[in-house]
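Just below is one structure, and these are the notes that go with it.
Derivation of every value follows stated rules applied to the coordinates shown; laboratory data play no part. From a predicted model like this one, the values you see are computed outputs, not experimental measurements. Cβ sites come from the backbone with ideal geometry, for glycine too, and all protein chains shown count toward neighbours.
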Amino acid sequence: MQSTDLSDVHPFGAGRFAALVIGWQQQQGRHDLPWQLDITPYKVLVSELMLQQTQVATVIPYFERWLQRFPTIEALAMAGQDEVMGLWQGLGYYARARNLHKAAQAIAARGSFPDDLHSLQQIPGIGRYTAGAILSFAYDSYGPIVDGNVRRLFCRLFALEGYAGQSRLEKQLWQLAEQLTPTQHNRRFAQGLLDLGATLCTARQPDCDSCPLQSGCQAYALQQVEQFPMPKPKKAKPSRQGHFLWVQQQGQLLLEQRPDKGIWSSLLTLPEVEPEHPLLQQAKPIGSFRHQFSHYQLDATIWQPQLQVQETAQHGWYASRQLANIALPAPIRKWIEQQLKQSDLD
């Protein structure tokens, strides 16, 4: 079914649909998440960026620590990037932390938090979904949203063909979101959509019998619920070799700050060199690790050079006691911690 005209594809109509979602959320949805208490636009912004590609249970302690350290958007705007990245470490997808920091700086400079879709989307790091979420949750205003949970819910309800990221499907989903989103009780409606996707209309073993929308779900009628949304065709994931240096001096470890673009941007890592670098000609391999990125696999080798490393402004020396307070990529941190158990680094 490719049409997004509600009169063709859904027996409820937009008003009835919203009433069912809102009623279910009031009775069965989630109401005590930290960002649902004493709601502010800033709390919504922080929670939404943290929740991108991360489970609620993982986000909660990070959110609480974040608000303790940066209780206002002004406090975050004034913070240094190193502190911001350090507090984010462990959540992954570090571009979200940089986007959050940039958004805070832009809003602080603006002097007030935007309260309309157009103005919100002019802020760095705030896209279409986040703008709609801020309007819905912070202002209880009309703010259409489409995230992974909503995509799955809509694809099943309307038996939409296509896979995540496909432009035709994304256009249909946003058209539906705009038609279905009511002009009142938006906070509860948006939360209801997310809760339905997270707790009932799950990717595997969905609980269709408990769903308030079951009678209008086309995938359910076709007995094809788990076939929607359609999986994205798989491509072979390429691999890339990475070469990192393990350099110790007077009980300290040499680390390098990554550029502000590319993988692990702005984080500290073991210094990385190209495979033809002269240092590797007289270096011995002391370990390796493999890490899966979304688009490729990194096969990393750790080398201990025999020649002196030429330090740059991006290099710095760190004692083991400092490592817990700096932002390191998870696979680098794991490898360092394993190595420290076998070394004399103090």
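Label segment 239-340 by shape, choosing from rounded, prolate and oblate, from the square roots a ≥ b ≥ c of the eigenvalues of the Cα gyration tensor; if a/c is under 1.5 it is rounded, and otherwise prolate applies when a/b is larger than b/c, oblate when it is not. Rounded. Within the straight-line cut-off of under 17 Å between alpha carbons, the aspartates and glutamates reachable from Lys284 are Glu272, Glu274, Glu276, Asp299, sequence neighbours fewer than 8 places apart in one chain being disregarded. Hey, for a label at Gln248 modelled as a point 7 Å past Cα toward Cβ, could you say which residues of segment 311-336 have their backbone N under 19 Å away? Residues 316-324, 332-336 fall inside that zone.
The largest-to-smallest principal axis extents of the Cα set in segment 87-165 are 45, 33, 18 Å.
Mind checking segment 221-310 for trypsin sites (Lys or Arg not before Pro) that DSSP puts in a loop (not H, G, I, E or B) and that have at most 11 other Cβ atoms within 10 Å?
Lys234, Lys235, Lys261
Just grab the label-to-label distance for Gln166 and Ala57, each label 7 Å out from Cα along the Cβ direction, in nm (one decimal). Each label point lies 7 Å from its Cα, and together they span 3.3 nm.
For the peptides 315-322, 203-210, the ranking by mean Cβ contacts within 10 Å, running from highest to lowest, is 315-322, 203-210.
Distant-in-sequence amide contacts of Trp303, defined by a placed amide H-H separation under 5 Å and a gap of 5 or more residues or a different chain, comprise Phe244, Leu245, Trp246, Ile286.
Across all directions, the average projected area of the convex hull around the alpha carbons of segment 254-305 is 4.1 nm².
The antiparallel fraction among DSSP beta bridges confined to segment 239-340 stands at about 75%. For His295, put the label point 7 Å out on the Cα→Cβ axis and report which residues of segment 241-262 keep their amide N under 11 Å from it. Label zone hits: 262. Using a simple spin-label model with pseudo-atoms 7 Å out from Cα toward Cβ, Gln227 and Gln214 lie 2.1 nm apart. The convex hull built on the alpha-carbon positions of the chain has an orientation-averaged projected area of 20.0 nm².
Subtracting the Cα-Cα distance from 0.36 nm times the residue separation, let me have the gained length for Ser288 to Thr183 in nm, one decimal.
Gain on stretching Ser288 to Thr183: 32.3 nm.
Kindly work out what percent of the DSSP beta bridges joining two residues of the chain are antiparallel, to the nearest 5. Here the antiparallel bridges make up roughly 75 percent for the chain.
Which entries of Lys171/Lys234; Lys232/Lys261; Lys171/Lys232; Lys43/Lys102; Lys261/Lys334 show an alpha-carbon separation above 25 angstrom in the structure shown? As for pairs spanning more than 25 Å Cα to Cα, those are Lys232/Lys261.
A straight chain from Leu33 to Gln205 at 0.36 nm per residue would run longer than the Cα-Cα distance by 59.5 nm. In a fully extended conformation the segment linking Ala330 and Lys237 would gain 31.4 nm over its present Cα-Cα distance, using 0.36 nm per residue.
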